[in-house]
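The block underneath contains the structure these notes are about, expressed in structure tokens.
The values are calculated or read from the model by the stated rules, or taken from the named source; none is laboratory data. Worth saying up front: this structure is predicted, and the values here are computed from it rather than measured. Note that we place each Cβ from the backbone using ideal geometry, even for glycine, and neighbour counts take in every protein chain shown. Side chains are part of the model used for accessible areas, which takes the heavy atoms of the whole protein and leaves out ligands, DNA and RNA. Shrake-Rupley method; radii C 1.70, N 1.55, O 1.52, S 1.80 Å.
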Amino acid sequence: MTGFMDIALKEARLAAERDEVPVGAVLVHKGEVIAKAGNRTRKGNDPTAHAEILVIREACRLLASERLTECDLYVTLEPCPMCAAAISFARIRRLYFGAEDPKGGAVDSGVRYFSSATCHHIPEIYSGMAGDEAGDLLRRFFNAKR
């Protein structure tokens, strides 16, 4: 399991090299990585190009389905409300995330999307995986910007 988070961390580091917020995601289907990405909001001038959205889009394309019921998502940062909704609508089986995001997160922080009465599907959720490393990567990125 941690091997998948290592891949997500690599994608986050690559995002930082592109001057993107260093968040990486990996989507796994039946034990195999089928999509991986880092944030690309700046490169694509697309506020929806979060790592989670990118891997969900790619996995849906590859599997020719809008439902990813046999898939697990590994992401370095707690998903925001937009990404949490996409995870729910895609019916992702399990969500593993690293660092908590008290300001913009929507799983354990903020709006707690999966606890909402309007949430259609709740994945199994595992938080804190490689959280220190993911958090350090984000802190270093933003400290360099200041």
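In table form, for the structure just shown:
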quantity: Integer Hz, Karplus 6.51/-1.76/1.60 couplings in order for region 9-20, x for Gly and Pro; calculated: 5, 4, 5, 5, 5, 5, 4, 4, 4, 8, 6, 9
quantity: Region 1-57: C-alpha gyration tensor shape, a/c 1.5 cut-off, then a/b vs b/c; calculated: oblate
quantity: Label-to-label distance, nm, for residues given as R140 and N45 (7 Å Cα→Cβ offset); calculated: 3.2
quantity: DSSP bridge orientation in the chain - percent antiparallel, rounded to nearest 5; calculated: 55
quantity: Whole-Hz couplings from phi, Karplus 6.51/-1.76/1.60, listed for region 83-96; x for Gly and Pro; calculated: 5, 4, 5, 4, 4, 5, 5, 7, 6, 4, 5, 9, 10, 10
quantity: Estimated [θ] at 222 nm from DSSP helical runs (n ≥ 4, -39500 (n - 2.57)) normalised by residues in the chain, nearest 500; calculated: -11500 deg cm²/dmol
quantity: S116-E17 FRET efficiency (beta carbon distance; Förster radius 25 Å; 0.05 resolution); calculated: 0.10
quantity: Listed residues R146, R91, R67, R139 arranged by accessible area, highest first, probe 1.4 Å; calculated: R146, R139, R67, R91
quantity: For the chain: accessible area per residue (Å², 1.4 Å); calculated: 51
quantity: Alpha carbon centroid spacing (whole Å) that separates region 29-48 from region 64-81; calculated: 11
quantity: Amide H contacts under 5 Å for L95, placed H, 5+ residues apart; calculated: L73, E124, I125, Y126
quantity: Share of carbon and sulfur in the accessible heavy-atom surface of the chain [1.4 Å probe, %]; calculated: 51
quantity: Principal-axis tilt of helix 131-145 within the chain, Cα atoms, nearest 10 degrees; calculated: 50
quantity: Set of lysines with alpha-carbon distance to K145 below 21 Å, sequence-local pairs under 8 removed; calculated: K10, K43, K103
quantity: Overall dimensions of the chain by Cα: Rg and Dmax, Å; calculated: 13.9, 43
